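Asks: This is the structure I have questions about; it appears just below.
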Amino acid sequence: MKFKKHISILTLLLLSITITAQVKFQAKVSKTKLGINERLRIDFEMNKDGDNFVPPSFKDFTVVGGPNTSVSNYWSNGKRSFTKTYSYFLSPKKQGSFTIKQAKIEIEGEVYKTFPITIRVTKAIEKPKDPNDPAYIASQNIHLVAEVSKADPYLNEAITVVYKLYVALDTGISGWRDKETPRFNDFWNQNIEVRAFNPVNAKYNGEDYRYVVLKKYVLYPQKTGPLKLEPYVLDLTVEVPTSRYNIFGDRIVKKVPQTITAGKRTINVKSLPEAGKPANFNGAVGLFELDVTTNKVSLDAGESLEARVQVSGKGNLKLFELPKLTVPSSLEVYEPEHKENVKVNLSGMQGRSYDTYTIVPQYKGKYPIPEVSFSYFNPVAKAYRTITSDEIVVDVVNGPSSVTSSNTNAADNTNKQAVTINSNSFAFIKTNSAWVSKNNTPFFKSNLFWLLLLIPFLFIPIAIFIRKNQEKRSADVIGNKRRKADRLAKKYLSEAKKTLGQKEAFYIALEKAFHNYLKAKLHIETSDFNKEKIQNLLLERRVESSVVVEFISILENCELARYTPITQVTMQNDYDKSVETIGAIDKQIR
């Protein structure tokens with residue numbers, strides 16, 4: 001019995017030592033639910049010193065502070081207490097429910113892990129109004145404002161969005177970083193580079209402030225109805241003055257991390273009026289001029305001339321097609337070469353867009369180049385306008401006469417007196433030279449004569465067949481539009497390839513190629529473009545979902561590229577993906 005008693009005491013002693021020596025490694029958070037505009041503190045705490053600490057991935061958060069290390073080591077009642085902590089300060093990137101996974105550390109040769117922690121991030125919350133709290137003071141002294149030039153534009157009418165950061169006069173900013181850059185779904189957009197951040201004194205809510213312009217954009221809405229501008233969110237450090245002073249009498253400033261947002265804005269886009277819309281209206285909105293010119297009006301048959309159809313002015317110059325030039329069938333005309341000289345500033349697109357046609361006359365005569373009409377909508381006058389060019393007459397001075405001209409000349413000679421020809425008039429000409437074969441057979445009775453006589457008749461059914469195909473092709477309006485869009489898509493893809501390395505030109509050409517391709521395949525106009533509709537139509541036409549996702553991702557890249565840094569390698573990858581994806585859609589679409 002005595003032996004058993006000693007065994008029990010020894011067991012309890014060993015158990016107490018084991019409990020005392022147990023290693024603890026755990027993660028603690030300041031809160032499990034927070035707003036998008038709040039901060040989260042997470043501590044990884046251990047009761048024994050360790051090595052090779054590996055934090056978890058904070059992919060859903062931005063690390064705004066840390067890791068900070070603190071050590072507590074003291075004795076109490078003869079017992080040693082040790083605590084070591086790694087601390088991080090996190091800012092959530094977006095709303096949702098996120099899991100912070102396990103951290104790891106090695107203690108005395110063993111690897112210990114923390115338990116995962118789930119954090120719920122909600123929309124921005126209103127912080128308590130404590131006038132002595134530096135965080136509250138910072139929130140009251142800085143404001144991010146999105147100034148929109150017009151909240152109710154017409155479809156394809158330019159508007160501007162300027163993001164300004166207002167700061168109170170006694171408050172400073174030591175740096176900022178984009179947390180969420182603005183995105184403009186359903187808008188054609190262009191980022192206007194801000195070259196310098198020059199502070200400007202101004203009033204905000206009736207008080208004296210300074211502001212700097214952070215970003216500027218020009219937008220052209222591509223859909224009607226309420227369209228949302230996604231928020232612009234900044235992470236910054238605010239220098240807030242306190243009530244304390246240093247030994248030199250200067251006020252002590254406290255640095256406070258802060259997240260601010262300009263918030264969502266809604267733009268109500270109006271449809272263009274149907275009343276008075278011209279039949280040839282092609283989506284041009286702005287104020288334009290039309291010029292149709294040729295580099296010469298007099299030339300010989302076989303020579304070439306250039307005719308230019310140019311639209312210039314201010315408006316959505318990159319977002320519509322130019323009117324087409326029609327010429328007489330006796331003039332050979334080639335596919336036009338399209339060029340643009342367009343600048344984009346805060347007032348929108350300005351410049352000119354033109355098509356250059358190469359024309360080669362085959363016969364002499366005078367040929368009229370008919371007038372060209374161009375219609376556009378003037379958003380200031382709220383009315384449609386139509387411009388018509390003058391007719392141009394091209395004089396082909398030298399060259400063969402056309403069949404029509406020969407017939408005309410024959411008709412003019414019908415009233416002249418007939419001439420009686422004596423059958424013996426040419427009797428003196430020898431007929432045994434060039435007109436006689438080697439075996440003394442007359443040429444007019446030879447096999448070669450009959451063959452040459454029959455050849456024109458053999459070509460008559462071929463010519464009729466070709467003519468019918470041409471008429472059938474001309475009557476196929478939808479088919480012609482599709483073929484034209486296919487040609488334009490190939491043309492713009494080639495232009496995109498030429499402009500690799502030039503970000504703006506490359507993605508504009510790539511986006512135009514996609515638009516024309518979709519016109520050909522899905523029969524939709526530019527004004528109907530949106531990613532959801534394109535995705536549904538492609539899936540309905542039995543295109544594989546993986547190919548559709550790839551196509552939509554390239555479209556999104558075109559939108560993002562205008563205001564994000566892009567390398568030439570990325571542009572080359574986007575071009576290769578575009579060629580591959582269009583080829584895949586062509587094979588699968590039904």
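Asks: Tell me the residue from 59, 79 that is exposed (fewer than 13 other Cβ atoms within 10 Å of the Cβ), of a type outside the set (Phe, Trp, Tyr) and touching a helix residue (DSSP H, G or I) at 6+ places or on another chain (Cβ under 9 Å), please.
Replies: Values: 59 fails: touching a helix residue (DSSP H, G or I) at 6+ places or on another chain (Cβ under 9 Å).
When all the criteria are applied, what remains is 79.
Asks: Can residue 142 be described as of a type in the set (A, V, I, L, M, F, W, C), under 30 Å from residue 89 (Cα atoms) and either surrounded by 17 or more Cβ atoms within 10 Å (Cβ to Cβ) or in contact with a Gly (Cβ under 8 Å, 6 or more places away or on another chain) (or both)?
Replies: Answer is yes for this residue.
Asks: What pairs come up if the first residue lies in the range 169-188 and is within 17 Å of residue 214 (Cα to Cα), the second is among the polar types (S, T, N, Q) and crowded, with 19+ Cβ neighbours inside 10 Å, and their beta carbons are under 8 Å apart, counting only those six or more places apart or on different chains?
Replies: From the range 169-188, the pairs are 179/91; 179/259.
Asks: I need the full set of residues from the range 277-329 which are of a type in the set (Lys, Arg) and either within 22 Å of residue 386 (Cα to Cα) or buried (at least 20 other Cβ atoms within 10 Å of the Cβ) (or both), in order please. Steps first, answer last, please.
Replies: Quick first cut of the range 277-329, residues of a type in the set (Lys, Arg) only: 277, 296, 308, 314, 318, 324.
277, 308, 314, 318, 324, listed by residue number.
Asks: Which members of the range 178-210 meet the condition of being among the basic types (Lys, Arg) and either loosely packed, with under 15 Cβ neighbours inside 10 Å or assigned to a strand (DSSP E or B) (or both)?
Replies: Within the range 178-210, 179, 195, 203, 210 qualify.
Asks: Restricting attention to the range 263-274, which residues are over 23 Å from the mean Cα position of the chain (by Cα) and surrounded by 15 or more Cβ atoms within 10 Å (Cβ to Cβ)?
Replies: Once the filter is applied, which keeps residues that are over 23 Å from the mean Cα position of the chain (by Cα) and surrounded by 15 or more Cβ atoms within 10 Å (Cβ to Cβ), the range 263-274 yields only 272.
Yes/no per residue for (1) closer than 17 Å to residue 167 by Cα; (2) at pLDDT 90 or above:
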| residue | (1), (2) |
| --- | --- |
| 223 | no, yes |
| 242 | yes, no |
| 246 | no, no |
| 270 | no, yes |
| 294 | no, yes |
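Asks: With the range 41-128 as the region, which strands (runs of 3 or more DSSP E) entirely inside it contain at least 3 residues that are under 49 Å from the mean Cα position of the chain (by Cα), over 27 Å from residue 180 (Cα atoms) and in the same structural domain as residue 177 (by TED's automatic domain parsing)?
Replies: Numbers: elements: 51-54, 61-76, 79-92, 96-100, 104-107, 110-113, 117-122.
Where strands (runs of 3 or more DSSP E) fall fully within the range 41-128, none carries at least 3 residues being under 49 Å from the mean Cα position of the chain (by Cα), over 27 Å from residue 180 (Cα atoms) and in the same structural domain as residue 177 (by TED's automatic domain parsing).
The values are calculated or read from the model by the stated rules, or taken from the named source; none is laboratory data. Keep in mind that this is a model prediction, so the values were computed, not measured. No Cβ is skipped: glycine too gets one built from the backbone with ideal geometry, and neighbour counts run over all protein chains shown.
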